[in-house]
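To start, the structure itself, in structure tokens.
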Amino acid sequence: MKIIVDAMGGDHAPQAPVAAAVKAVSEMGVQIILVGKRDVLENELKKNNYSGQDITIEDADDVVSNHEEPVKAVRTKKNASVVVAANMLKDGKGDAMLSMGNTGALLAAGLLIVGRIKGILRPALAALLPSAKGPKMLIDAGANTNCKAENLVQFGIMGSIYMKNVLEIENPTVGLMSNGEEEGKGDELTKETFPLLKNAPVNFIGNIEGRDVMEGTADVITCDGFVGNVILKTVEGMGHVVSQKIKGIFLKNIFSKIGALFVMSGINEFKQTMDYREYGGAPLLGTKKPVIKGHGSSDAKAVFSAIYQAKKFVETNVIEEIVKNVNGMEGKIND
């Protein structure tokens, strides 16, 4: 299996992607294609003492910055690393691609170059969030800020397939984000989506509220990208604040430091459940081939997790399952 990695995207590129690639080929048995400036990547591989054959380099001497207009950049910067990576995936030179760079550029590359599955109205970012009951999926997490009810239904179906195949959750539950549990709650989009999801081929449990996200009430949380991105950033911020607060409490004085020794394993376990690096990245569901968006601040651990997620994405035939189900989606949604 070959994973294409945009090695120039993200706050810690190229160091983090290269270090993660070296570890991944050793521990996962995959091949990695690093896309970026050849001399820079060759130098970084030397720093990691790597001289094997499982990591190759595809030269790309340009980058899409976070300040550029994504669609324009993808169309005009043909030698940008994310564009080169997307074209390689489209041409069958790899099985999946990963980028920690400009989110908009990756979404544009996924849609314009890799292409969407026929019948899928809009691909969606599917972020895995920590909860009291393990990781849950938030879809859409920011790709589509203005949605129709049919979009949300397809998000729920694709998310359900991913959670069943990749996280091995049998019959995953799907909840619709709203401001109340009752069927009549929510804005016009939510009210219109509710009966469609009831009729969709998913295990729909009804509306869920904001507090249900961290409690893990639903395996798949479906919403438009505006709401989803707000939830995603709130959870990330909460995890950081809680971690810092706990650290401050136990470093307060000598007695609290001694107390910390007795609960440190529990604290570390809690920090691990709140750490986005454990989940790697967000798959872009609805494209013809696997595309993963890594967090912009990903370190080597996070990139390694994202590579593992890409590997599972390919191995579990998620796209084939979506294609298999998409032909029946329209009829089931509109019955």
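The values are calculated or read from the model by the stated rules, or taken from the named source; none is laboratory data. Everything numeric here is computed off the predicted structure, so don't read it as measured data. Methodologically, a virtual Cβ is constructed for each residue, glycine included, from the backbone with ideal geometry; neighbour enumeration extends over all protein chains shown.
Being at pLDDT below 70 and either acidic (Asp, Glu) or outside the structural domain of VAL166 (by TED's automatic domain parsing) (or both), is that true of even one residue in segment 279-290? Yes, segment 279-290 contains a residue that is at pLDDT below 70 and either acidic (Asp, Glu) or outside the structural domain of VAL166 (by TED's automatic domain parsing) (or both).
Determine whether segment 12-27 contains at least one residue that is closer than 20 Å to ALA108 by Cβ, at pLDDT below 95 and in contact with a strand residue (DSSP E or B) (Cβ under 9 Å, 6 or more places away or on another chain). The answer is yes, given that some residue of segment 12-27 is closer than 20 Å to ALA108 by Cβ, at pLDDT below 95 and in contact with a strand residue (DSSP E or B) (Cβ under 9 Å, 6 or more places away or on another chain).
Looking at segment 155-166, can you tell me whether even one residue there is surrounded by fewer than 22 Cβ atoms within 10 Å (Cβ to Cβ), touching a residue at least 24 places away in the same chain (Cβ under 8 Å), assigned by TED's automatic domain parsing to the domain that holds CYS223 and touching a Leu at 6+ places or on another chain (Cβ under 9 Å)? There is no residue in segment 155-166 that is surrounded by fewer than 22 Cβ atoms within 10 Å (Cβ to Cβ), touching a residue at least 24 places away in the same chain (Cβ under 8 Å), assigned by TED's automatic domain parsing to the domain that holds CYS223 and touching a Leu at 6+ places or on another chain (Cβ under 9 Å). Considering ILE208, ILE231, ILE169, ILE221, the condition of being crowded, with 18+ Cβ neighbours inside 10 Å and either out of contact with any strand residue (DSSP E or B) (no Cβ under 8 Å at 6 or more places or on another chain) or charged (D, E, K, R) (or both) is satisfied by ILE169 alone. With the structure loaded, tell me whether SER26 is of a type in the set (Ser, Thr, Tyr), in contact with a helix residue (DSSP H, G or I) (Cβ under 9 Å, 6 or more places away or on another chain) and under 19 Å from TYR308 (Cα atoms) or whether it fails that test. No.
State which residue is nearest to LEU128 (Cα to Cα) when the search covers only segment 160-169 and only residues that are in contact with a helix residue (DSSP H, G or I) (Cβ under 8 Å, 6 or more places away or on another chain) and in a loop (DSSP other than H, G, I, E, B). Residue satisfying both the conditions and the ranking: VAL166. From the list SER160, SER178, SER131, SER99, which residue is polar (S, T, N, Q) and over 19 Å from the mean Cα position of the chain (by Cα)? Matching residue, one of SER160, SER178, SER131, SER99: SER178.
When the criteria are applied in full, ASN151 fails the requirement of being in a loop (DSSP other than H, G, I, E, B), in contact (Cβ under 8 Å) with a residue 40 or more places away in the chain and either surrounded by fewer than 17 Cβ atoms within 10 Å (Cβ to Cβ) or of a type outside the set (Lys, Arg) (or both). Look at GLY134 and say whether it is touching a Lys or Arg at 6+ places or on another chain (Cβ under 9 Å), surrounded by fewer than 23 Cβ atoms within 10 Å (Cβ to Cβ) and either within 28 Å of ALA85 (Cβ to Cβ) or assigned by TED's automatic domain parsing to the domain that holds ARG211 (or both). The answer is no for GLY134.
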